[in-house]
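In what follows, a single structure is set out as structure tokens and then discussed.
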Amino acid sequence: MDTLILILYIVAFSLFIYGLMGLTGPKTAVRGNHIAAVGMVIAVVATLLMPGTQNWLLIILGLVLGTLLGVPSARQVKMTAMPQMVALFNGVGGGAVALIAWSEFRTTAGFTDEPAYVVIASLFAAIIGSVSFWGSLIAFGKLQEILPGRPMGLGKAQQAVNAVLLIGAVACAVVAGMGGAAELWVIGLLVLAAILGVMVVLPIGGADMPVVISLLNALTGLSAAAAGLALDNTAMIVAGMIVGASGSILTNLMAKAMNRSIPAIVAGGFGGGGALPGAEDGVERAVKSTSAADAAIQMAYASQVIVVPGYGMAVAQAQHAVKDMAKLLEAKGVEVKYAIHPVAGRMPGHMNVLLAEADVPYDALKEMDDVNDEFSRTDVTLVIGANDVTNPAARNDPSSPIHGMPILNVDESRSVIVLKRSMSSGFAGIDNPLFYADRTSMLFGDAKKSVVEVTEELKTL
């Protein structure tokens, strides 16, 4: 039986890695996801075959409840709500790890006679898992707009409070790890770690949420790997290491894309608050409005059009309408490209997923570094609800909170058309000078409706 379990684990790990490789491209992503899912099923079966497995009724009940909750939720979720679902599901994983660590404490009579590595790994998993669970709930609340997207913290005292909470959680862990300690110490550890998770994420504004989701995902993976070490469960160790490593790499890449350090992001205080357009200096700024007919004429006679998608496209679910518009333009001999900023939307790869759903060719999607030189040669750039990633203040205004963040250089285009519902600010909560530029015109209204109107006008040209 031990040999069979080992073989099943090796097969499962191989499928994990092979499935992960498939996620590198849209054509193989669905297949890669299915392959990894099969690997997880095999890993679960191998774990259930381990000698000493008990409480089969509870195990089956848990599998049934998880399936009944997870499958309908995943199938019915809107693409606009995908980031908060990712945050919520990730948090559930961290919470499960924290409960496993608590259970391990109870079943070993307070870690009595347990090896040091089991004790350390269990308590580490309890702290990190609890932080990840409660932090993910706060991220979910901000993305779902249950909580305000603006930073909510204690100002200069924030980091001191966080340090006290962390020290308190570690102190409880030390006492609990001495062997035979009262269960109250573990409960105190979980409570302090929970408050720490809340206090770490609350001061972080909405503009940093994609990085926060990725960071919390990495923490969940690390806690799962630690729990696997404590339980001597190879599947948890390997799966947790894969999640932790990939999440850490992605977090680092996204932080670099925003030209911010991870400690600066965790320190909070950025995004979601700040001045509204024209309010910071009391000056009323004029914008130029345009119509669907004028936008259609500009694009129909252009040689190159670049579409810059943002959260506004996701909210309006306009990706299919954008694809139809692009097909018409291409039929007229216009070259259409899509400029993708690494942190556009509310989660990593948000825009890529939306456009892939609409069957937009992957080679038409251009990353920021590859497309920025193209804007100066572009006749029309169509910005669909992308505020912060197109804000030239990041490049030109040293006093701007986002100064230094790499942006899409849309202001270098010969003409810019911005699709927005209103003049409200983006998730960073700051003004965007692009909207008032001489080359920019605003097409107000629902993005999907506006794109459909432009498409209808194109058919008449």
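The values are calculated or read from the model by the stated rules, or taken from the named source; none is laboratory data. From a predicted model like this one, the values you see are computed outputs, not experimental measurements. Neighbour counts are summed over all protein chains in view; Cβ atoms, including those assigned to glycine, are modelled from backbone coordinates with ideal geometry. When the accessible area is computed, the model is the full protein with side chains, heavy atoms only, and any ligands, DNA or RNA have been set aside. Shrake-Rupley method; radii C 1.70, N 1.55, O 1.52, S 1.80 Å.
Things worth noting here:
- The candidates V389, V77, arranged from most to least accessible area with a 1.4 Å probe in the full protein assembly, appear as V77, V389.
- Summarising the label geometry, the points placed 7 Å from Cα in the beta-carbon direction at T67 and N252 lie 4.0 nm from one another.
- Based on the Stokes-Einstein relation at 25 °C and a viscosity of 0.890 mPa s, and on the Kirkwood radius from alpha carbon pairs, the stretch 334-445 is assigned a translational diffusion coefficient of 169 µm²/s.
- Inter-label distance, I297 to D438: 2.1 nm, where each label sits 7 Å from its Cα along the C-beta direction.
- Selection from G129, M82, F111 lying farthest towards where the dipole of the stretch 60-156 points positive, charges on Cβ: M82
- Under 13 Å from the K327 label point (7 Å along Cα→beta-carbon), backbone N, the stretch 349-381: 358-361
- Compared with the direct C-alpha span, the chain from A37 to V191 gains 52.1 nm at full extension, assuming 0.36 nm per residue.
- Carbon and sulfur %, accessible surface of the chain computed with the full protein complex present, 1.4 Å: 65 percent
- Within the chain, longest stretch free of exposed GluC sites (Glu not before Pro) [DSSP loop, at most 16 other beta carbons within 10 Å]: 285-461
- Cβ charges +1 (Lys, Arg) and -1 (Asp, Glu), total dipole of the stretch 305-461, debye: 340 debye
- Relative to the current alpha-carbon distance between L461 and V164, full extension at 0.36 nm per residue lengthens the span by 100.3 nm.
- Rounded to whole Å, sorted largest first: equivalent-ellipsoid semi-axes of the stretch 78-192, Cα gyration tensor: 30, 18, 9
- For the stretch 312-383, alpha-carbon Rg over 2.2 N^0.38 Å: 1.08
- Rounded to whole numbers, the Karplus 3J(HN,Hα) couplings from phi for the stretch 107-112 are 6, 9, 6, x, 6, 5 Hz, using 6.51 cos²θ - 1.76 cosθ + 1.60 with θ = phi - 60°, and x at Gly and Pro.
- For the chain, the longest principal axis of the Cα atoms and the long axis of helix 319-331 meet at an angle of about 40 degrees.
- Accessible area per residue for the chain, computed on protein heavy atoms with a 1.4 Å probe, is 47 Å².
- Derived value for the stretch 100-165: Kirkwood hydrodynamic radius 14.4 Å. Basis is the mean of 1/r over every pair of different alpha-carbon atoms.
- Within the straight-line cut-off of under 17 Å between alpha carbons, the aspartates and glutamates reachable from K27 are E357, D359, D363, sequence neighbours fewer than 8 places apart in one chain being disregarded.
- Between I262 and M423, the distance separating the two model label sites (each 7 Å from Cα on the Cα→Cβ line) works out to 4.1 nm.
- The angle between the Cα long axis of helix 56-76 and the main principal axis of the chain comes to about 0°, on a 0 to 90 degree scale.
- Kirkwood-based shape ratio for the chain, expressed as Rg/Rh from alpha carbons: 1.03
- Greater than 28 Å apart at Cα, pairs in K332/K448; K78/K459; K337/K459; K156/K256; K78/K156: K78/K459; K78/K156
- Kirkwood-based Rg to Rh ratio, the stretch 343-385, C-alpha trace: 0.97
- Rounded to the nearest 10 degrees, the angle from helix 2-22 to the longest Cα principal axis of the chain is 10 degrees.
- The HN-Hα couplings worked out from phi for the stretch 41-53 by the Karplus form 6.51 cos²θ - 1.76 cosθ + 1.60 (θ = phi - 60°) are 4, 5, 5, 5, 4, 4, 5, 5, 7, 5, x, x, 5 Hz, whole numbers, x standing for Gly and Pro.
- Report summary: the helix-based calculation at 222 nm, which adds -39500 (n - 2.57) for every DSSP H run with n ≥ 4 and divides by the residues of the chain, gives -19000 deg cm²/dmol.
- Whether the stretch 1-147 is rounded, prolate or oblate, judged on the alpha carbon gyration tensor where a/c under 1.5 counts as rounded: oblate
- Once the Cα-Cα distance is subtracted from the 0.36 nm per residue extended length, the T28 to K156 segment shows a gain of 41.3 nm.
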